[in-house]
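Before any comments, here is the structure.
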Amino acid sequence: MQTASITPISVLRTDTDTTSENCNWTLSRGNSAEGDQQVAVYPIPFVVGRRPGSSLQINSRTISGTHATLTIEGDQLWVEDNGSTNGTYVNGQRIGLKTELREEDLLQFADVAFRVRSFRRATTCHTMAEDMCDQALALVQFDRLMQNRLVNPFYQPIVDIRTGRFLGYEVLARSRLYGLETCQAMFDAASRLNMEVELSRMLRWEGVRQAIALPEGMKIFLNTHPLEIEKEGLVDSMATARQLSLDMPLILEVHEASVTDPAAMRELRAQLKDLGIGIAYDDFGAGQTRLSELIEAPPDYLKFDMSLIRGIDKATPERQKMLGSLVQIVIDLGVNPLAEGIETPEEADVCRNLGFRTAQGYHFGRPAPIPGQ
Ligand code: G
Ligand code: MN
């Protein structure tokens, strides 16, 4: 996944008098595209919000009309949230009460972050890294995610396409942490800190830990991050997952783009097999995997990408036949073909007739958390 930047925002100040004697404090927003933005906390009370006329107007959908107010009492700077929808945070903690701010605090209005500086210091700090605030935000948020394991894994059923019986679940990463709810957002933050592997392991660990509450015998499909295939430690992390899960059937999903070295894949499969863990190639057909690689290093499951499945009931007989032939080759290799992303009963009927053994998709069940977790 790619590195993302924080939601682009435009920050408007209605008063540009940063030289006033009253102005002892500034908010600094590092932004590599636009350079370091310094905003003087002036006039007091200093209202931050989306509404035009705010002391600091932030045009972002996450910001409430009148989001928060800063005040100065004596030499001290204070912030108070005005009942905003998405909250005000100081060093990653959502504030309830009026809170004192100190120099270098990370002050966030929803997902828009600033560094608190005193005016004297701000003028001497031009050499600060330009994207420091973005990085600090990612760090604080990501730290909370990892430290407190604020993940909330969702489970999507995988069924026997012929009987409709539930065989297992794929674990899909979600979190309750503001700004990091989706799998994409979590990995975007992780990539800023080169911690994709650590995140991926933690997600698998939590996925397995919570899956213990699922009915016995359900196969649990766990995702990998492509970087894990290149780095040491994947098998070790699965050995740990195995210890946690005892005899829970586990399948490790490897993205098809990672299946470029059949010898390495055969070795991975053998090592996982020693742990009683199967392997699935994910999103097959979306990228470059060739049949030769499949033949040289067959997995236990081959998950056909939803782009091959979508609207298959309305596809030409030739296209249906081609997919059917592919399914047959896969079965002949001893691999279980799984159709991903089945959304309608018609797609399910055609996939069943083409020989698919297993299936996943909204038609059978949407990803959901385990009740009570
Ligand atoms: O890459 P991978 O196959 O692990 O991704 C699974 C993703 O596909 C999840 O985000 C899940 O929510 C989504 N998904 C699962 N079933 C369906 C479906 O039937 N239709 C669509 N559009 N998406 C689905
Ligand atoms: Mn997957």
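The values are calculated or read from the model by the stated rules, or taken from the named source; none is laboratory data. A quick note: this is a predicted structure, and the numbers were derived from the prediction, not measured. Neighbour counts run over all protein chains shown; Cβ positions are idealised from the backbone, glycine included. All accessible areas refer to the heavy atoms of the entire protein, side chains included, with ligands and DNA or RNA removed. Shrake-Rupley method; radii C 1.70, N 1.55, O 1.52, S 1.80 Å.
Residue-level check: of (1) assigned to a helix (DSSP H, G or I); (2) at pLDDT below 90; (3) not aliphatic (A, V, I, L, M), residue 194 misses just (1). Among the numbered conditions (1) under 22 Å from residue 169 (Cα atoms); (2) more than 14 Å from ligand 2 (Cβ to nearest atom); (3) touching a Pro at 6+ places or on another chain (Cβ under 9 Å); (4) open to solvent by 20 Å² or more (accessible area, probe 1.4 Å), the only one that residue 219 does not meet is (2). Of all residues in segment 82-122, those satisfying the criterion of being within 16 Å of residue 66 (Cβ to Cβ) and open to solvent by less than 20 Å² (accessible area, probe 1.4 Å) are 84, 87, 88, 109, 110, 112. Cβ separations smaller than 6 Å between residues 6+ apart or across chains give no pair from segment 165-176 residues that are under 16 Å from residue 360 (Cα atoms) and assigned to a loop (DSSP other than H, G, I, E, B) to residues that are β-branched (Val, Ile, Thr) and within 12 Å of ligand 2 (Cβ to nearest atom).
Taken as a whole, the condition of being in contact (Cβ under 8 Å) with a residue 40 or more places away in the chain and more than 16 Å from ligand 1 (Cβ to nearest atom) applies to residue 335.
Only residues that are away from ligand 1 (no atom under 15 Å from the Cβ) and open to solvent by 40 Å² or more (accessible area, probe 1.4 Å) were counted across segment 250-278, and they come to 13.
Only one residue in 324, 365, 372, 341 is assigned by TED's automatic domain parsing to the domain that holds residue 175 and part of a loop (DSSP other than H, G, I, E, B). Which one?
Numbers: 324 fails: part of a loop (DSSP other than H, G, I, E, B); 365 fails: assigned by TED's automatic domain parsing to the domain that holds residue 175; 372 fails: assigned by TED's automatic domain parsing to the domain that holds residue 175.
Result: 341 is the single residue among 324, 365, 372, 341 that is assigned by TED's automatic domain parsing to the domain that holds residue 175 and part of a loop (DSSP other than H, G, I, E, B).
When residues in segment 279-291 are screened for being open to solvent by 10 Å² or more (accessible area, probe 1.4 Å), touching a residue at least 24 places away in the same chain (Cβ under 8 Å) and either away from ligand 1 (no atom under 16 Å from the Cβ) or on the phi < 0 side of the Ramachandran plot (or both), 7 of them pass.
Going residue by residue through segment 245-253, is there one that turns out to be assigned to a loop (DSSP other than H, G, I, E, B), of a type in the set (Asp, Glu), more than 28 Å from residue 326 (Cα to Cα) and more than 16 Å from ligand 2 (Cβ to nearest atom)?
Yes - at least one qualifying residue is present in segment 245-253.
Look through segment 65-80, keep the residues that are free of Cβ contacts under 8 Å to residues at least 40 places away in the same chain, within 10 Å of residue 49 (Cβ to Cβ) and part of a loop (DSSP other than H, G, I, E, B), and return whichever of them is least open to solvent (accessible area, probe 1.4 Å). My answer is 65. Name the residue that is most open to solvent (accessible area, probe 1.4 Å), counting only residues in segment 295-322 that are away from ligand 1 (no atom under 16 Å from the Cβ) and touching a helix residue (DSSP H, G or I) at 6+ places or on another chain (Cβ under 6 Å). Here the residue is 296. For segment 150-166, residues that are over 18 Å from residue 91 (Cα atoms), away from ligand 1 (no atom under 14 Å from the Cβ) and open to solvent by 40 Å² or more (accessible area, probe 1.4 Å) total 4.
Looking across segment 57-85 at every residue that is at pLDDT below 90 and not charged (D, E, K, R), the one that is nearest to residue 100 (Cα to Cα) is identified as 76.
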